[in-house]
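> Pasting in a structure now, in structure tokens, and then I'll have a few things to ask.
Values quoted throughout were computed directly from the atomic coordinates according to the rules given, and no laboratory measurement underlies them. Source: prediction; values computed, not measured. Quick reminder, even Gly has a Cβ in these numbers, built from the backbone with ideal geometry, and neighbours come from all protein chains shown.
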There are 2 protein chains.
Amino acid sequence: MTTDVSSRTPRPEHGETRWLDAEEQRAWRAWLYSTQLLQDRLDRELTRATGIPHTYYEILVQLSETPGRQMRMSELADRCLSSRSRLSHAVSRLEERGWVRRQECPEDGRGLLAVLTDEGFAALEAAAPVHVEGVRTHLFDQLSPQQVAAMRDIGETLLRHLDPS
Amino acid sequence: MTTDVSSRTPRPEHGETRWLDAEEQRAWRAWLYSTQLLQDRLDRELTRATGIPHTYYEILVQLSETPGRQMRMSELADRCLSSRSRLSHAVSRLEERGWVRRQECPEDGRGLLAVLTDEGFAALEAAAPVHVEGVRTHLFDQLSPQQVAAMRDIGETLLRHLDPS
DNA sequence: GCGGAATAATCAAGTGCTCAACTATGCTCC
DNA sequence: GGAGCATAGTTGAGCACTTGATTATTCCGC
């Protein structure tokens with residue numbers, strides 16, 4: 001990143017900026033570009049083949065894996081790494097497709113349950129093979145077992161820092 | 001992903017789907033969530049501190065690193081992993097801020113050059129330390145040198161497959 | 001049990017992105 | 001030298017997401 005800038009601005013404020021060296025820049029760019037391209041590719045292929053964008057897919061997956069195929073809106077948002085507002089919008093659209101339905105929550109009058117419908121489950125069943133095949137083709141097929149292990153290790157290390165939940 | 005579904009749909013069409021086993025699912029989710037959280041975090045911190053979202057930042061960086069601080073729109077789009085349309089919109093907004101300006105291209109009457117202005121360069125200089133500090137804090141400070149090397153290796157491996165340019 | 005803070009979810013306005021259509025210029029080849 | 005096609009870039013409509021405000025309900029201390 002920013003080689004031009006880094007060579008020109010030693011930056012006085014609260015201590016020197018800890019600029020990235022050439023190695024770090026390469027690592028950072030490789031990571032940034034590969035994640036970007038992989039996510040774009042998977043989302044595009046899934047959307048083209050099934051009409052379901054990855055954000056919606058993730059919601060359906062989370063619901064499908066929960067007992068009763070239902071979940072409180074907030075918890076669903078957390079699991080999808082989504083804001084409440086975004087999830088609310090997304091569930092509205094999934095409701096229009098008939099894949100999810102909102103239900104009042106018995107234990108908490110403020111809350112709502114998002115419930116996966118049979119149609120929603122069927123849509124997920126149809127989309128899952130496409131998605132999994134994409135992940136395999138563009139990720140696992142490209143990496144050695146050692147690389148996969150390292151990827152998981154790095155991911156979990158970062159998660160402990162970023163999402164200590 | 002999709003444990004529920006994978007146990008129920010052996011899927012006949014063009015051969016069996018190559019489902020992910022438990023290890024692969026953990027690796028995939030760790031990767032997916034960590035990349036998502038890291039990008040969200042970096043973008044949020046940069047935007048809050050400087051008013052520059054990461055997509056704009058990337059455009060400014062690319063221009064700053066090029067001789068003459070100018071580049072053809074298409075090439076800029078490619079380097080930013082952006083569609084032409086998206087870049088066109090983005091450059092329009094950067095123009096409103098006075099950070100970039102469009103200039104006719106001498107060699108090709110169809111083409112335009114995006115030129116980084118002095119104000120744009122100054123904005124980048126102000127934002128760069130914030131961004132770099134974020135990358136260091138949330139990424140490099142969390143990982144061992146071996147993990148950094150592995151991250152780069154994995155990223156470059158995936159790039160060869162996804163973007164064989 | 002009542003007043004006030006906290007929580008669940010939605011909504012409205014503004015911004016960014018995607019897709020497809022469009023303009024304008026350059027290229028080819030007869 | 002003009003027809004047809006390719007390339008560069010923009011535009012507009014519509015969807016998605018963000019932020020901050022809003023409504024409704026619950027929790028808590030007294």
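> Calculate the radius of gyration of the Cα atoms of the range B:40-128 to one decimal place, then report Dmax, the largest Cα-Cα distance, as a whole number, both in Å.
According to the Cα coordinates of the range B:40-128, Rg and Dmax are 12.6, 41 Å.
> For chain B, report the % of Cα-Cα distances exceeding 26 Å.
Taking all Cα-Cα pairs of chain B, the fraction more than 26 Å apart is 47 percent.
> Per residue of the range B:69-79, what does 6.51 cos²θ - 1.76 cosθ + 1.60 with θ = phi - 60° give for ³J(HN,Hα)? Whole Hz please, x for Gly and Pro, Karplus curve as stated.
After applying 6.51 cos²θ - 1.76 cosθ + 1.60, I find 6, 8, 7, 4, 3, 5, 5, 4, 4, 4, 5 Hz.
> Sorted from shortest, what are the nm distances separating the label point of A:Ala49 from equivalent points in the other copies, each placed 7 Å from Cα along Cα to C-beta?
4.0
> Now a separate question. If each Cα of the range A:68-118 is one equal point scatterer, what is log10 of I(q)/I(0) from the Debye formula at q = 0.20, 0.28 Å⁻¹?
-0.63, -1.16
> Helix hunt in chain A: which complete DSSP H runs extend at least 24 Å axially by C-alpha with mean Kyte-Doolittle at least -0.5? Before the final figure, lay out the partial values.
On the way: long enough: A:22-50 (41 Å, -1.04); A:118-138 (30 Å, 0.01); A:145-162 (25 Å, -0.18).
Within chain A the helices that satisfy the rule are A:118-138, A:145-162.
> How far is it, in nm, from the label point at A:Thr55 to the one at B:Arg48 when both lie 7 Å from their Cα along the line to the Cβ?
It works out to 2.1 nm between the two label points.
> Over the range B:54-127, what relative contact order in percent results from Cα pairs under 8 Å that are six or more residues apart?
34 percent.
> Give, rounded to the nearest 20 debye, the magnitude of the charge dipole that the protein assembly as shown has about its Cα centre when Lys and Arg contribute +1 at Cβ and Asp and Glu contribute -1 at Cβ.
500
> Sort shortest first the distances from B:Gln146 to its counterpart in every other copy, using label points 7 Å along the Cα-to-beta-carbon line, and give them in nm.
So the label point of B:Gln146 gives 1.1 nm to the other copies.
> If the only charges are +1 at each Lys and Arg Cβ and -1 at each Asp and Glu Cβ, what is the size of the charge dipole of chain B around the Cα centre, to the nearest 20 debye?
Value, rounded to 20: 300 debye.
> Please tell me the relative contact order of the range B:34-165 in percent, rounded to the nearest whole number, where contacts are Cα pairs under 8 Å and at least six residues apart.
Relative CO of the range B:34-165 lands at 23 percent.
> Once the mean 1/r over all distinct Cα pairs of the range B:87-151 is inverted, what Kirkwood radius in angstroms do you read off?
14.5
> Take chain A, connect every pair of alpha-carbon atoms lying under 10 Å apart with a spring to form a Gaussian network, then pick out the residue of A:His138, A:His89, A:His54 with the largest mean-square fluctuation.
A:His89
> How far is A:Glu96 from itself in the other copies, in nm, if each label sits 7 Å out from Cα along the Cα-Cβ line, shortest first?
2.5
> What does the helix-only formula give at 222 nm for chain B: each DSSP H stretch with n ≥ 4 adding -39500 (n - 2.57), the total divided by the residues, and the result rounded to the nearest 500 deg cm²/dmol? The partial results should precede the final answer.
Details: 7 runs with 103 residues, N = 165.
Calculated at 222 nm, the ellipticity per residue is -20500 deg cm²/dmol.
> Name the residue from A:Leu42, A:His89, B:Ala30 whose Cα lies farthest towards the positive end of the charge dipole of the protein assembly as shown, charges +1 on Cβ of Lys and Arg and -1 on Cβ of Asp and Glu.
Result: A:His89, furthest along the dipole toward the positive end.
> Within the range A:146-165, which residues have the backbone N less than 19 Å from the label spot 7 Å out from B:Thr157 along Cα→beta-carbon, could you tell me?
It comes to A:146-158, nothing else.
> Output the Cα-based Rg and Dmax of the protein assembly as shown in Å, rounding Rg to one decimal and Dmax to a whole number.
Cα only, the protein assembly as shown: 21.9, 69 Å (Rg, Dmax).
> Looking at chain A, identify the longest residue range that excludes and avoids all GluC sites (Glu not before Pro) in DSSP loops having at most 14 other Cβ atoms within 10 Å.
Answer - A:17-106.
> Quickly work out the B:Ala126-to-A:Glu119 label distance, labels modelled 7 Å from Cα along the C-beta direction, and quote it in nm with one decimal.
In this crude label model, A:Glu119 to B:Ala126 measures out at 5.1 nm.
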